[in-house]
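Asker: I have a structure here, written as structure tokens, and I will follow up with some questions on it.
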Amino acid sequence: MELQDALAARFDRLKSGDDGWQALADAGVLGLPFAEAHGGLGLPPREGFAVLEVLGPRAIPLPYLECVLLAGTLLDRARGDAAARWLPRVAAGEAKLALASLDDREPARAAIDAAGWRLSGGKLLSIGAAEADAVIVTAATDDGLAAFLIERKALAMKAYPTIDGRRAADLLLDDVTVPTDARLGVEPEDIADILDLGAAAIAAEAAASMARLVSDTRDYCVQREQFGKSISSFQVVQHRLVDMHIEARRAAAAAALAADALDLDPAERAKAIGAAKVTIADAGRFVGQNAVQLHGGMGMTEELPVSALFKRLTVIESEYGTRDEHLARYMARA
């Protein structure tokens, strides 16, 4: 909580045009989950959720999750020369990483030959890849899923904006050849751990964003008048606000359980994260839609954060597994 409060105060002082990424570097959180030997603090990655709980409700679209908590943590696990070369630069704010884990229709594959590893296929929706200095690409090999660290200049990609203000890229792996040491020393289980970490992290971000939406909507309803009185005095509006509050609290509880489950065995972790993702998707849609409706026309303008938060919750619904995918995952282990 101390980290979250200090970071919130720092970002509340930022002015338009200030570099938010540099603010994270100055706060010392870009190396939060890295080993001390790699210029980090050696804290569990879930401690970085506090950063997302500051950025999310303020609708600040920085790729902290993708660069630091996911790609950075995976590289930290791999250790080796690549980690020693890249992670101190990431921690200092001098370099950025991205993770490309979502397969295109033609899944990414990697085969080794005399020239090195040859990658083919494609990746979709890699957040921050176009601005990254290097991208960690997951690809299937003959001995299971592997991860490869590839410099940005060696990749062909198509970049585009997402509806929530971020920048994504699709990677075109047309026989991309990389040296044998580009393969990171991680196992398929490590990659699965990182993807579960991503799902738990966006659950925490979503819960914090919902709390902001409930608070802002309540305040707006107190100020807005119809028929000569505040609309917050109307019983139907009061009921709607209470329902929004309940859903936001339910989402927060599910997100907390998912974060706690990161240290459990894979089966129990999958159940907790699956339940959290379903809860977040349902609650986020309810809270977001009602926030927009109660704000009226102002709910879709850029002057208020309501629109941006609603768009972000809509994207979160499908990130790191859709609602239906996580529901099926939960049911398979129930």
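Asker: Contact list please: Cβ distance under 6 Å, first residue in the range 217-236 and assigned to a helix (DSSP H, G or I), second residue of a type outside the set (Lys, Arg) and open to solvent by 80 Å² or more (accessible area, probe 1.4 Å), pairs at least six apart or on different chains.
Answerer: So the pair list comes out as SER232/VAL222.
Asker: Filter the range 293-334 down to the residues that are closer than 23 Å to LEU62 by Cβ and part of a helix (DSSP H, G or I) and list them by number.
Answerer: VAL306, SER307, ALA308, LEU309, PHE310, LYS311, ARG312, LEU313, THR314, VAL315, ILE316
Asker: In addition: List every residue pair whose Cβ atoms lie under 6 Å apart, where the two residues are 6 or more positions apart in sequence or sit on different chains, the first residue falls within the range 267-289 and is open to solvent by 30 Å² or more (accessible area, probe 1.4 Å), and the second residue, located anywhere, is modelled with pLDDT of 95 or more and part of a helix (DSSP H, G or I).
Answerer: Filtered contacts from the range 267-289: PHE286/GLU247.
Asker: Given ARG105, ARG109, ARG85, which one is modelled with pLDDT under 95 and of a type in the set (Lys, Arg)?
Answerer: ARG105
Asker: Another question about this same structure. Taking interchain pairs and intrachain pairs at least six residues apart, which have beta carbon atoms under 6 angstrom, with the first residue in the range 116-128 and closer than 12 Å to MET157 by Cβ and the second open to solvent by 10 Å² or more (accessible area, probe 1.4 Å) and assigned to a strand (DSSP E or B)?
Answerer: If the second residue must be open to solvent by 10 Å² or more (accessible area, probe 1.4 Å) and assigned to a strand (DSSP E or B), the pairs left are GLY122/LEU172; LEU124/LEU102; LEU124/ASP170; LEU125/LEU102.
Asker: Sort out which residues of the range 83-120 are over 23 Å from the mean Cα position of the chain (by Cα) and open to solvent by less than 20 Å² (accessible area, probe 1.4 Å), and write them in order of number.
Answerer: Residues satisfying the conditions are ALA110, GLY116, LEU119.
Asker: While we're on this one: What's the number of the only condition in (1) open to solvent by less than 40 Å² (accessible area, probe 1.4 Å); (2) under 26 Å from ALA25 (Cα atoms); (3) in contact with a helix residue (DSSP H, G or I) (Cβ under 7 Å, 6 or more places away or on another chain) that ALA130 fails to meet?
Answerer: The one condition ALA130 does not meet is (3).
Asker: For the range 161-186, name all the residues that are touching a Gly at 6+ places or on another chain (Cβ under 9 Å) and within 23 Å of ALA59 (Cα to Cα).
Answerer: Residues satisfying the conditions are ARG166, ARG167, ALA168, ALA169.
Asker: What pairs come up if the first residue lies in the range 18-35 and is crowded, with 16+ Cβ neighbours inside 10 Å, the second is basic (Lys, Arg) and assigned to a helix (DSSP H, G or I), and their beta carbons are under 8 Å apart, counting only those six or more places apart or on different chains?
Answerer: Between residues of the range 18-35 that are crowded, with 16+ Cβ neighbours inside 10 Å and residues that are basic (Lys, Arg) and assigned to a helix (DSSP H, G or I), the close pairs are ALA23/ARG10; ALA27/ARG10.
Asker: While we're here: Would you check if ALA251 is surrounded by 14 or more Cβ atoms within 10 Å (Cβ to Cβ), closer than 14 Å to ASN290 by Cβ and without any contact (Cβ under 8 Å) to a residue 60 or more places away in the chain?
Answerer: yes
Asker: A follow-up question, please. Quick one: is ASP219 of a type outside the set (S, T, N, Q), at pLDDT 90 or above, over 14 Å from ALA291 (Cα atoms) and open to solvent by 30 Å² or more (accessible area, probe 1.4 Å)?
Answerer: no
Asker: Given the structure, is ALA211 surrounded by 22 or more Cβ atoms within 10 Å (Cβ to Cβ), closer than 17 Å to THR314 by Cα and under 23 Å from the mean Cα position of the chain (by Cα)?
Answerer: No, not satisfied.
Asker: If you don't mind, there's one more thing I want to ask. Within 26 Å of ILE163 (Cα to Cα) and either touching a residue at least 40 places away in the same chain (Cβ under 8 Å) or not hydroxyl-bearing (Ser, Thr, Tyr) (or both), is that true of PHE11?
Answerer: Judged against the criteria, PHE11 is a match.
Asker: Let me ask you something else. If we only count strands (runs of 3 or more DSSP E) wholly inside the range 120-203, which ones have 2 or more residues that are closer than 25 Å to ALA259 by Cβ and either at pLDDT 95 or above or not small (Gly, Ala, Ser) (or both)?
Answerer: In the range 120-203, the matching strands (runs of 3 or more DSSP E) lie at 134-141, 144-151.
The values are calculated or read from the model by the stated rules, or taken from the named source; none is laboratory data. Please read all numbers here as calculations on a predicted model, not as lab measurements. Note that each Cβ is placed from the backbone with ideal geometry, even for glycine, and that neighbours are counted across all protein chains shown. Ligands, DNA and RNA are stripped out before the accessible areas are found, and what is left, the full protein with its side chains, is counted by its heavy atoms. Shrake-Rupley method; radii C 1.70, N 1.55, O 1.52, S 1.80 Å.
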